[in-house]
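All of the numbers you see were taken from the coordinates with simple rules; none came from a lab. In this text the structure is predicted, and so the values were computed from the model without any measurement. Cβ coordinates were reconstructed from backbone atoms using ideal geometry, including for glycine residues, and neighbour counts include every protein chain displayed.
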Amino acid sequence: MQISSFDLERWQSQYEHEVEVNLSESGVHPLRVRELVEADDLEALLGQPLEYTQTNGTLELRERIAALHPGATAANVLVSNGGAEANFLVCWRLVEPGDEVVVIQPTYMQVPGVAASFGAELRVVWLEVEKGHRWRLDLDAVRAAVTPRTSCIALCNPNNPTGNRLTEDELIGLCNIAAGVGCWLFVDEIYRGAELDGHQTPSAWGRYERVLVTGGLSKAYGLPGLRVGWVVGPVAEINALWGRHDYTTIAPGAINDQLARLALTPSRRKRLIARTRRQLRENQTYVEAWVGKREEVFQIPPEAGGVTLLRYSGTTESMSSSVQLAEKIRAKYSVLVVPGAHFGLEYHLRIGIGGQPEALHDGLTRLGWALDTPPKP
């Protein structure tokens with residue numbers, strides 16, 4: 001099996017701890033343990049045996065995840081080690097050599113990379129820019145891409161890297177297209193809850209009998225170090241995925257499971273989501289002001305998630321490649337951003353908007369120097 005390089009993850013892993021300002025992160029600034037754990041939790045936490053826990057996630061944790069998906073029960077949930085494992089398990093279950101996978105791009109490139117490695121033919125449908133202010137999904141293009149060989153339609157919603165989210169009509173349309181050929185709809189919903197306007201993104205869960213959604217605590221909750229993700233789907237599929245989970249990481253960490261249960265208690269979840277949305281709104285306001293002062297930088301404001309795309313003018317040879325530009329920004333200005341080429345988009349850079357405001361301000365100042373675009377007076 002040939003596995004292609006996951007350029008985005010390798011780029012971040014190689015440099016994120018070497019730069020002075022990291023704008024490549026895709027979540028919000030992570031919490032410390034003391035910000036999540038309250039005094040009444042300490043005794044139970046310190047008394048937790050470091051044993052193998054329930055391998056598909058404790059019943060209490062699965063019930064709390066199910067509560068986020070109306071109509072689901074604990075039996076509809078498999079807990080994984082991060083959203084990345086959840087996505088991998090779903091690909092492993094759904095994709096056979098010779099299958100076709102319809103991928104909505106731009107997207108986080110894990111699923112396309114894994115699906116191609118499993119022998120699938122990728123059929124790509126690109127989001128389109130609508131009137132310069134929104135990314136739109138062309139359902140007719142999806143319909144044209146689907147064939148009887150299609151095993152699944154895969155997308156992330158809210159979207160990474162655009163920050164776009166699908167409308168109810170677009171989700172219904174996708175379900176109808178999938179139902180037309182009997183394929184699966186596979187939606188990575190890890191940014192659900194990180195909406196700047198405070199209105200929760202509609203989930204694909206429960207709209208069609210062949211829907212699998214993945215999620216986790218890394219992005220909307222500011223808890224990437226817990227490595228807690230999940231899959232929600234029909235019971236038979238969840239059991240099949242659990243069987244694959246037996247061959248990968250076997251079980252979540254005992255401490256991770258316990259802290260995840262704390263994070264998903266209704267009162268604490270509400271507080272964490274409010275923190276995320278507040279941080280994203282405040283930082284996006286600053287990004288918009290920064291973009292507004294530069295003629296050669298354009299942004300479609302994100303609706304949800306911890307990232308945004310900046311389109312820059314490729315008017316000079318040094319800026320003709322986003323990889324070259326990102327390397328210049330890293331090497332000369334000690335700022336890490338993600339080149340658009342890692343999503344198949346030249347003349348774009350992805351920056352994180354969920355970090356500490358001071359770091360964002362510093363990073364954007366340096367980014368302006370690299371782009372040679374002095375602000376307007």
Checklist entry - Assuming a viscosity of 1.567 mPa s and a temperature of 4 °C, what translational diffusion coefficient in µm² per second does Stokes-Einstein assign to region 120-259, Rh being the Kirkwood radius over Cα pairs? => result 79
Checklist entry - Which percent, nearest 5, of DSSP beta bridges in the chain are antiparallel? => result 50
Checklist entry - Convex hull over the Cα atoms of region 15-125, averaged projected area in nm²? => result 11.1
Checklist entry - With r defined as the distance between the Cβ atoms of A240 and W369 and R0 fixed at 41 Å, what FRET efficiency is calculated, to the nearest 0.05? => result 0.20
Checklist entry - In nm, to one decimal, how far is the modelled label at V181 from the one at D40, with both set 7 Å along Cα→Cβ? => result 5.2
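Which of the peptides 363-369, 36-42 is most tightly packed, and how do the rest follow, judged by the mean count of other Cβ atoms within 10 Å per residue?
On the way: 363-369: 19.1, 36-42: 12.3.
Packing order, densest peptide first, comes out as 363-369, 36-42.
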Checklist outcome for this item: Distance in nm between V124 and E282 label points, each 7 Å along Cα→Cβ, equals 3.8
Item to check | Pairwise Cα inverse-distance average, inverted: Kirkwood Rh of region 327-377 (Å) | outcome: 11.8
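Given an 8 Å cut-off on Cα distances and at least 6 residues of separation, report the relative contact order of region 48-265 as a percent. It would help to have the intermediate numbers written out before the result.
On the way: 430 pairs, mean separation 62.4, N = 218.
In percent, rounded to a whole number, it is 29.
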Item to check | Estimated vicinal HN-Hα couplings, Hz - region 238-250 in sequence order (Karplus 6.51, -1.76, 1.60; Gly, Pro = x) | outcome: 4, 5, 5, 5, 4, x, 6, 4, 4, 9, 10, 9, 6
Next on the checklist: Roughly how far apart, in whole Å, are the Cα centres of region 206-246 and region 6-80?
Outcome noted: 13
Next on the checklist: Need the list of lysines near K131 for cross-linking: C-alpha distance under 22 angstrom, and skip anything on the same chain fewer than eight residues off.
Outcome noted: K293
Checklist entry - Short version: ³J(HN,Hα) in whole Hz for each residue of region 105-116, in order, from phi by Karplus 6.51 cos²θ - 1.76 cosθ + 1.60 (θ = phi - 60°), x for Gly and Pro, what are they? => result 10, x, 7, 5, 7, 4, 4, x, x, 5, 4, 5
Checklist entry - What nm distance separates the two modelled labels at E51 and A254, each placed 7 Å from Cα along Cα→Cβ? => result 0.7
Checklist outcome for this item: Normalised per residue, the volume inside the convex hull of the alpha-carbon atoms of the chain in Å³ amounts to 142
Item to check | Efficiency of FRET between A67 and Y247 - r from beta-carbon atoms, R0 22 angstrom, step 0.05 | outcome: 0.15
